[in-house]
Amino acid sequence: MSDLKQKLAEIIESVIGTSVAHDDLLIESGLVDSMTAVDIVMAVKTEFGCKVPATEIDEHLESVDALAAFVQNNR
């Protein structure tokens, strides 16, 4: 796993309290709900300086891979 994906996985794990793989379906599987999604998005903004638009949270929090692609393209 790349350094970016590892850091994002650590952020997500710190919010949801369980470990995640880079390709786990976060929202679809129920690991992330609307409340934890907001916490993750805020942590990503703080750590990487990029804001996930509210209308795109489901798309970019699909998995660590999806979130890493968003951060890579928007930092």
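Read-outs: derived from the displayed coordinates by stated rules, not from any lab. This one's a predicted model, so the numbers in the text were calculated from it and none came from an experiment. Positions of Cβ are generated from backbone atoms using ideal geometry, with glycine treated the same way; all protein chains shown enter the neighbour counts.
Is there a residue in segment 57-67 that is out of contact with any helix residue (DSSP H, G or I) (no Cβ under 6 Å at 6 or more places or on another chain), of a type in the set (A, V, I, L, M) and surrounded by 16 or more Cβ atoms within 10 Å (Cβ to Cβ)?
No, every residue in segment 57-67 fails to be out of contact with any helix residue (DSSP H, G or I) (no Cβ under 6 Å at 6 or more places or on another chain), of a type in the set (A, V, I, L, M) and surrounded by 16 or more Cβ atoms within 10 Å (Cβ to Cβ).
Would you tally the residues in segment 24-55 being surrounded by 12 or more Cβ atoms within 10 Å (Cβ to Cβ) and assigned to a helix (DSSP H, G or I)?
Result for segment 24-55: 12.
If you scan segment 6-23, which residues turn out to be assigned to a helix (DSSP H, G or I), among the β-branched types (Val, Ile, Thr) and in contact (Cβ under 8 Å) with a residue 40 or more places away in the chain?
Result: ILE12, single match.
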